[in-house]
1. Would you confirm, using the coordinates I've provided, whether B:N72 is among the polar types (S, T, N, Q) and within 30 Å of A:P143 (Cα to Cα)?
2. Would you be able to tell me the number of residues in the range B:317-328 that are more than 9 Å from chain A (Cβ to nearest Cβ) and not small (G, A, S)?
3. Starting from the range B:227-248, take each residue that is modelled with pLDDT of 95 or more and list its partners that are in a loop (DSSP other than H, G, I, E, B), counting only C-beta distances under 6 angstrom and pairs at least six apart or across chains.
4. Pick from A:G162, A:G154, A:G205, A:G140: which is over 28 Å from B:L289 (Cα atoms) and at pLDDT 95 or above?
5. For the structure I just gave you, tell me whether B:P113 is open to solvent by 30 Å² or more (accessible area, probe 1.4 Å) and either at negative phi or in contact with a Ser or Thr (Cβ under 9 Å, 6 or more places away or on another chain) (or both).
6. Given the criterion open to solvent by 10 Å² or more (accessible area, probe 1.4 Å), under 24 Å from B:I259 (Cβ atoms) and out of contact with any helix residue (DSSP H, G or I) (no Cβ under 9 Å at 6 or more places or on another chain), identify the matching residue among B:G233, B:G221, B:G227, B:G193.
7. Looking only at the range B:277-288, filter to residues that are over 12 Å from B:A141 (Cα atoms) and facing chain A (nearest Cβ under 9 Å); which one of those is surrounded by the fewest Cβ atoms within 10 Å (Cβ to Cβ)?
8. Within the range A:238-256, which residues are touching a strand residue (DSSP E or B) at 6+ places or on another chain (Cβ under 6 Å) and buried (at least 20 other Cβ atoms within 10 Å of the Cβ)?
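The values are calculated or read from the model by the stated rules, or taken from the named source; none is laboratory data. Because the structure is predicted, anything quoted here is derived from the model rather than measured. Here the Cβ positions follow ideal geometry from the backbone for every residue, glycine too, while neighbour counts run over all protein chains shown. Note: areas computed on protein heavy atoms with side chains; ligands, DNA, RNA excluded. Shrake-Rupley method; radii C 1.70, N 1.55, O 1.52, S 1.80 Å.
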2 protein chains.
Amino acid sequence: MKVALIGLGSVGRGVLEMIAKKDLGLTVTGIADSKSGCMDASGIDIVQVLAEKRKNGICGDRTISAQDIIKNADYDALIEVTPTNALSGEPAIGYIRAAIARKKHVVTSNKGPVALAYKELSTMAAKKGVMLRYEATVGGAIPIMHTLEHGLCGNQILAVYGVLNGTCNYILTRMAAEGLTYEQALMEAREMGYAEADPTYDVKGIDAAIKLVILANTIWGNGVKLGDVDLTGIDLLTPDALRLAEDEGCTIRLIAEAIPEKHLLRVSPKIIDKNHPLVVEGTLNALTLETDMAKEITLIGKGAGSVETASAIIGDLLYIRDRYGKCA
Amino acid sequence: MKVALIGLGSVGRGVLEMIAKKDLGLTVTGIADSKSGCMDASGIDIVQVLAEKRKNGICGDRTISAQDIIKNADYDALIEVTPTNALSGEPAIGYIRAAIARKKHVVTSNKGPVALAYKELSTMAAKKGVMLRYEATVGGAIPIMHTLEHGLCGNQILAVYGVLNGTCNYILTRMAAEGLTYEQALMEAREMGYAEADPTYDVKGIDAAIKLVILANTIWGNGVKLGDVDLTGIDLLTPDALRLAEDEGCTIRLIAEAIPEKHLLRVSPKIIDKNHPLVVEGTLNALTLETDMAKEITLIGKGAGSVETASAIIGDLLYIRDRYGKCA
């Protein structure tokens, strides 16, 4: 299967490294970052492109844009891994639209398009007979979408509860373990590279809320939006609140929860029993799916990371290949 | 899709109840228990058969056997849910062989055939162009096989670690929480219906070892057998051992682990950090898959139960239908 990749940040580089390293049967025929691009229908030398990117910060010809690759390269599936723009979803929405218009499958790790334009893009993909897959948008390496699609097929999903932001979970873990203040734990998270210079999206719960919107739309197709999420961050939490929870054998986690029957769509710090499977440590993510037959299924794993996210993207690509290959 | 079902214990009844209750597009054309059977190519009245089973202990005509159903009924997939015979795998191996010979898909919850005759049966299924699926054999409702097959596709699985026996986990949880002796906790587990009158298979680790063998053969195709598993049960554990572990912030769990690189295939009580995702409470099951890209992914859920196991079986059936339907 031929693939083109747009976006050469940590995730894009991780995907290319894994394709170069593993014998997955994937040929890369187009690559673009924000400044340059390259294409070769017979297969690009990935190792050379990654070296060029490291050395000169570009991946090819400065006159070739992402849109050029999407519109002209010879590929079966587009890997869209540009940074998330949570306000407009652009330019990624345009990229994905252009690829689907050419009847190309799309695999993305970009939360913007899926949170903001899920209905339009998934309807368009269905019409064109291609797949739009986005396992990497929620829970990093954890195969949540595959579990919903296959593992729990036949089940009615009644509710979801998740720890979907590793930065917040790290801060809460450190506050509980060491009695740190929020500010101290945030500083530590920054030093460890787990928090951005501006941590607003993470600590205010916005990142978790975007993921919750993606989950809800995937499961229930209910067209919810970021503005529908009842949102409370962790930035006002005190060490005292955590200590009180710990005294009761509990702890506090930033939980994203959706229960359609109760019209509940919320991200907020919640007191949970320490023995609950959702109580994970550090930057881990966790998601509990409450279903009618399987009851509660919890999935735990790394919510971020270059190679970890590549795992989700490659799983999507191989699924497309397997699915369409077997039927062809 | 037409299905025939062999075995009307708790799992078989759960599957039929869910097929009757949900609109899954599955028509049941044959049913057999150990004493009787019924078939109808246009669809059996499931509710009536379940009522008959409850009232008279049979499901139809005493002159119709399971083999009659398998050989003569009109079905696409056989649901084989007879009790596990861990020594011979029979009569289930014979049932599955007969169905595959007729080019019928097979879905089973029966550990015997998969642990003892995996290579023969899976090779035969591949030759005949049908699927042999057994999600329900390991971890009950937890979609482990689907996760290996799809969610983590492209990953190399380096090791597996699991809590695969709910009875042992319940006993260990109660010993740790209440300081009970092994005998006291076992008695409680019996009263709760979590342990058999003869708990040997569970507490000696045999049940967990059979599941480990199924996992290892599925993942690595390495042909390991029950006799290859280094086995220690929980029946000699003392409350003192648990107390010592607890003093260090740890606890003890019966862990099934396979690490091919270290030639390790073992079921034994292990001391684990209480914060480790594998440390689940009560009768829950949990499995950690260690992979090259996604790193550690842990799955937690109910390891047993009528409807919970039905969830896994129905997931397998719908996967077969979806897969073959889409390609047809």
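1. no
2. Counting residues in the range B:317-328 that are more than 9 Å from chain A (Cβ to nearest Cβ) and not small (G, A, S) gives 3.
3. Note: pairs meeting the criteria are B:L231/B:G205; B:G233/B:K204; B:G233/B:G205.
4. Of the residues listed, the single one that is over 28 Å from B:L289 (Cα atoms) and at pLDDT 95 or above is A:G205.
5. no
6. From the options B:G233, B:G221, B:G227, B:G193, the qualifying one is B:G227.
7. B:E281
8. Listed by number, the residues that qualify are A:L242, A:A245, A:I252, A:R253, A:L254, A:I255, A:A256.
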